[in-house]
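Derivation of every value follows stated rules applied to the coordinates shown; laboratory data play no part. Keep in mind it's a predicted model, so treat the numbers as computed, not measured. Here the Cβ is made from the backbone with ideal geometry for all residues, glycine too, and neighbour counts use every protein chain on show.
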Amino acid sequence: MIAGYRCAILVLPLAGCASFADRECKLPPLSDQEISEIAVKYLQSKNMDPAFFAKAETRVQAYGCRYSFEASEKLDSLGAGTIVVVSRSGKVVTTFGSN
């Protein structure tokens with residue numbers, strides 16, 4: 001009987017994660033322009049230097065049901081840059097950056 005409870009404790013949280021991912025994937029996809037606007041607005045709210053965007057190269061890529069917005073002095077290099085991960089619901093999930 002106790003073994004059954006242990007199984008339920010492990011399975012229920014995982015089922016919640018799966019249903020969230022399913023719901024996110026069922027949302028309509030966002031355009032590259034929408035993702036860029038969400039990411040830039042987020043970065044500006046974190047006081048990122050606006051001059052950076054004037055010279056930065058940018059790229060949007062889809063990964064499953066999420067997107068990454070990359071901004072760098074030169075894409076595919078080891079220079080300064082940032083990545084913003086955006087969900088299909090238009091929310092920023094996480095960011096990565098270098099100076």
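Express in nm, to one decimal, how much length is gained between residue 94 and residue 59 on full extension, taking 0.36 nm for each residue of separation and deducting their alpha carbon distance. Mind showing how you got there, number by number?
Numbers: separation 35, 0.36 × 35 = 12.60 nm, distance 1.65 nm.
Here the segment from residue 94 to residue 59 would lengthen by 11.0 nm.
Return the lysines within reach of residue 46: Cα separation strictly under 29 angstrom, same-chain partners fewer than 8 residues apart disregarded; answer none if there are no such residues.
Partners within reach: 55, 74, 91.
Suppose R0 equals 22 Å. What FRET efficiency, 1/(1 + (r/R0)^6) with r the Cβ-Cβ distance, do residue 78 and residue 46 give to the nearest 0.05? Intermediate values should be presented prior to the final figure.
On the way: r = 22 Å, r/R0 = 1.02.
The calculated FRET efficiency here is 0.45.
Please state the relative contact order of the range 29-98 as a whole percent: Cα pairs under 8 Å, 6+ residues apart? Intermediate results must be reported in sequence, preceding the final value.
Numbers: 107 pairs, mean separation 19.3, N = 70.
With pairs under 8 Å counted, the relative contact order is 28 percent.
Would you calculate the separation in nanometres between label points at residue 27 and residue 87, each defined as 7 Å from the Cα along the Cα-to-beta-carbon direction?
0.6 nm
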